[in-house]
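Novice: Pasting in a structure now, in structure tokens, and then I'll have a few things to ask.
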Amino acid sequence: MADPKGFLTHDRELPARRPVDVRIQDWREVYEAFPAQKLNKQAARCMDCGIPFCHNGCPLGNLIPEWNDLVYRHDWREAIERLHATNNFPEFTGRLCPAPCEAACVLGINADPVAIKRVEVEIVDRAFAEGWVRPQPAAVKTGKRVAVVGSGPAGLAAAQQLTRAGHDVVVFERADAPGGLLRYGIPEFKMEKRHIDRRLEQMRAEGTEFRVNVNVGVDITAAELRAQFDAVVLAGGATQWRDLPVAGRSLKGVHQAMEYLPPANKALADSPINARGKHVVVIGGGDTGADCIGTAIRQGAASVTQLEIMPKPPASRAGSQPWPTFPTLFKMESAHEELEEGGGARVYAVSTTEFVGDEAGNVVAIRLVDVEGPETGFRPIPGSERELPADLVTLSMGFVGPEKGLLLEELGVSFDARGNVARDKTYMTDVEGVFSAGDMGRGQSLIVWAIAEGRAAASGVDRFLTGETALPYPILPTARPLV
Ligand SMILES: Cc1cc2nc3c(=O)[nH]c(=O)nc-3n(C[C@H](O)[C@H](O)[C@H](O)COP(=O)(O)OP(=O)(O)OC[C@H]3O[C@@H](n4cnc5c(N)ncnc54)[C@H](O)[C@@H]3O)c2cc1C
Ligand code: SF4
């Protein structure tokens, strides 16, 4: 512990966001640079606790107090070594993780927690800038071939671990570029895509092969895949979305968030599904909804409203969610700030009853009602029915599991009670040599969990192929967030 009084002398501080009226004119990340001196003070706030609960809060088991200390001592080179020891892609989590580690930080019991996520991203950004992130090709090749289906954070983590262990790894991706939701779900203003590209460059130099525009199960059959590879890792995500089957659902202008965001991520303001000049209603109050808000605002929406069926969450921990659990809190993400400054609103405890259309079949309004709940099952409150103008509606209500398409059907894998791909402790499905990692086995989750699963599944695959493994195994497939 470098500075025993750091947590007493420095307050928590994060970089400022660029002014709303400036940042909505472009698609770049919203945060300003954070001076090294300020970061040093943030690292100094770490108390190096005897039992660092942040380790447990982080599904990767990131060695947080160690790298806080190294940053405080200006030993950035060693800091990136310690960070990469547990996390293949800190540039993704440092930007996008909701930081359950900070919810579990001991300082957070009676003060603001250490700014762990900010320290994480500054370490890796500096490492890239200094040229310290070099390819780490395997010293010895095993001659075994592994197919990874899906190039989201789970597939990428599994692929990098397995390539470094000496296996010949091919990542198949049906989209036109690797990255999964990192590339085509999450908008540029949350994480610029250049961060994915420079990591892929390292992976290619290590020997991982990427084959894009290949829909496994269609362009290559499950049988062909099994014949060509010694093991398969299924990391296809939980892409089956939850729908809202109310009257008017088929009207033009009502889209799933994942129909709206991918083209917007490719074409930005020129996306074919465009919010320009439209009244936009975003249904769903989570991360995906926030991404739709920020995108619609940048495309020039006339108005944006977000609807959420749950009541407004509290600003601080509820008694039922004590430290060190990961609490549900009212959040002011960058997109929410942009929404409020633009005169838009977040409306809680409402349910959509109908989409209203014009004669040409376009959505023009949304009918909604206030609800009581959730304890009463979201009972409508009589007399609260009303309409909102809506020319574009995005449904951001989550995902119900993996697509049960040709690939899973032909492989014959089983599913758990929630409809996700079932696997044992080694991440192997009940089909020998076929493993599953990330949202496909866990259900809709987070990037940090996907990376942890990819790493753990890689250790299962390595043991299956060689009889032993030295690869880390950060989490059991059954591990769940502390809530
Ligand atoms: C809009 C949005 C925003 C989000 N924001 C955040 C956030 O800010 N922070 C956070 O922690 N989490 C966020 N999440 C959740 C996070 O992105 C996911 O939990 C994570 O990406 C899951 O990783 P994965 O590798 O399991 O799957 P995915 O990232 O979904 O990747 C799966 C990949 O597999 C490919 N694939 C599927 N089937 C096939 C096939 N048959 N053949 C070839 N390829 C196939 C898909 O095209 C896809 O590229 C967000 C999710 C969404 C939808
Ligand atoms: S990956 Fe997420 S939980 Fe882990 S240290 Fe980084 S911000 Fe915290």
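The values are calculated or read from the model by the stated rules, or taken from the named source; none is laboratory data. Everything numeric in this text was worked out from a predicted model, so none of it was measured. As a convention, Cβ positions derive from the backbone with ideal geometry for all residues, glycine included, and neighbour counts pool all protein chains shown.
Novice: For segment 296-348, name all the residues that are among the polar types (S, T, N, Q) and either without any contact (Cβ under 8 Å) to a residue 24 or more places away in the chain or farther than 22 Å from Leu261 by Cβ (or both).
Specialist: Of everything in segment 296-348, those that are among the polar types (S, T, N, Q) and either without any contact (Cβ under 8 Å) to a residue 24 or more places away in the chain or farther than 22 Å from Leu261 by Cβ (or both) turn out to be Ser316, Ser320, Gln321, Thr325, Thr328.
Novice: Taking segment 68-104 on its own, how many of its residues are under 13 Å from Asp48 (Cα atoms) and either near ligand 2 (Cβ under 9 Å from one of its atoms) or surrounded by fewer than 22 Cβ atoms within 10 Å (Cβ to Cβ) (or both)?
Specialist: Result for segment 68-104: 1.
Novice: Still on this structure, I have one more. Between residues in segment 358-386 that are within 17 Å of Leu307 (Cβ to Cβ) and of a type in the set (Lys, Arg) and residues that are in a loop (DSSP other than H, G, I, E, B) and modelled with pLDDT of 95 or more, which pairs lie under 9 Å by C-beta distance while being six or more apart or on different chains?
Specialist: Close Cβ pairs satisfying both conditions: Arg367/Val246; Arg367/Gly248; Arg367/Glu385.
Novice: Next question, about the same structure. Condition first: modelled with pLDDT of 95 or more, more than 15 Å from ligand 2 (Cβ to nearest atom), under 16 Å from Gly166 (Cα atoms) and of a type outside the set (S, T, N, Q). Can you find one or more residues in segment 440-457 that meet it?
Specialist: Yes, segment 440-457 contains at least one residue that is modelled with pLDDT of 95 or more, more than 15 Å from ligand 2 (Cβ to nearest atom), under 16 Å from Gly166 (Cα atoms) and of a type outside the set (S, T, N, Q).
Novice: Is it the case, given these coordinates, that Gly401 is within 15 Å of ligand 1 (Cβ to nearest atom) and surrounded by 15 or more Cβ atoms within 10 Å (Cβ to Cβ)? Can you show your working first?
Specialist: Values: within 15 Å of ligand 1 (Cβ to nearest atom): yes; surrounded by 15 or more Cβ atoms within 10 Å (Cβ to Cβ): yes.
Considered against the rule, which asks whether it is within 15 Å of ligand 1 (Cβ to nearest atom) and surrounded by 15 or more Cβ atoms within 10 Å (Cβ to Cβ), Gly401 comes out as yes.
Novice: Could you list, in sequence order, all residues of segment 250-275 that are more than 30 Å from Pro311 (Cα to Cα) and among the basic types (Lys, Arg)?
Specialist: Lys266
Novice: Can you report the number of residues in segment 409-440 which are outside any loop (DSSP other than H, G, I, E, B) and either in contact with a strand residue (DSSP E or B) (Cβ under 7 Å, 6 or more places away or on another chain) or crowded, with 24+ Cβ neighbours inside 10 Å (or both)? Let's see the steps before the verdict.
Specialist: Step one: list which residues in segment 409-440 are outside any loop (DSSP other than H, G, I, E, B), which gives 409-411, 415, 421, 428, 434-436, 439-440.
Within this subset, residues satisfying the condition of being either in contact with a strand residue (DSSP E or B) (Cβ under 7 Å, 6 or more places away or on another chain) or crowded, with 24+ Cβ neighbours inside 10 Å (or both) are 411, 415, 421, 428, 434-436, 439-440.
Selection size over segment 409-440: 9.
Per-residue answers, yes or no, for (1) surrounded by fewer than 16 Cβ atoms within 10 Å (Cβ to Cβ); (2) of a type outside the set (Lys, Arg):
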| residue | (1), (2) |
| --- | --- |
| Leu14 | yes, yes |
| Val20 | no, yes |
| Arg23 | no, no |
| Asp26 | yes, yes |
| Pro35 | yes, yes |
| Pro52 | no, yes |
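Novice: When the residues of segment 125-139 are filtered to those that are in a loop (DSSP other than H, G, I, E, B) and free of Cβ contacts under 8 Å to residues at least 60 places away in the same chain, which remaining residue is nearest to ligand 2 (Cβ to nearest atom)? Reasoning before the result, please.
Specialist: Of segment 125-139, the ones in a loop (DSSP other than H, G, I, E, B) are 131-139.
Narrowing further to those that are free of Cβ contacts under 8 Å to residues at least 60 places away in the same chain: 131-132, 139.
Values: Gly131: 23, Trp132: 19, Ala139: 28 Å.
Filtering segment 125-139 for residues that are in a loop (DSSP other than H, G, I, E, B) and free of Cβ contacts under 8 Å to residues at least 60 places away in the same chain, the one nearest to ligand 2 (Cβ to nearest atom) comes out as Trp132.
Novice: Could you check how many residues of segment 410-423 are touching a residue at least 40 places away in the same chain (Cβ under 8 Å) and of a type in the set (D, E, K, R)?
Specialist: 2
Novice: How do the pairs read when you match residues in segment 167-192 that are touching a residue at least 12 places away in the same chain (Cβ under 8 Å) and of a type in the set (S, T, N, Q) with residues anywhere that are near ligand 1 (Cβ under 7 Å from one of its atoms) and in a loop (DSSP other than H, G, I, E, B), using Cβ under 9 Å and keeping only pairs 6 or more apart or on different chains?
Specialist: Taking only residues 6 or more apart or on different chains, not a single pair turns up.
Novice: Identify, from the list Ala365, Ala335, the residue that is part of a strand (DSSP E or B) and buried (at least 19 other Cβ atoms within 10 Å of the Cβ).
Specialist: On the way: Ala335 fails: part of a strand (DSSP E or B).
The conditions single out Ala365.
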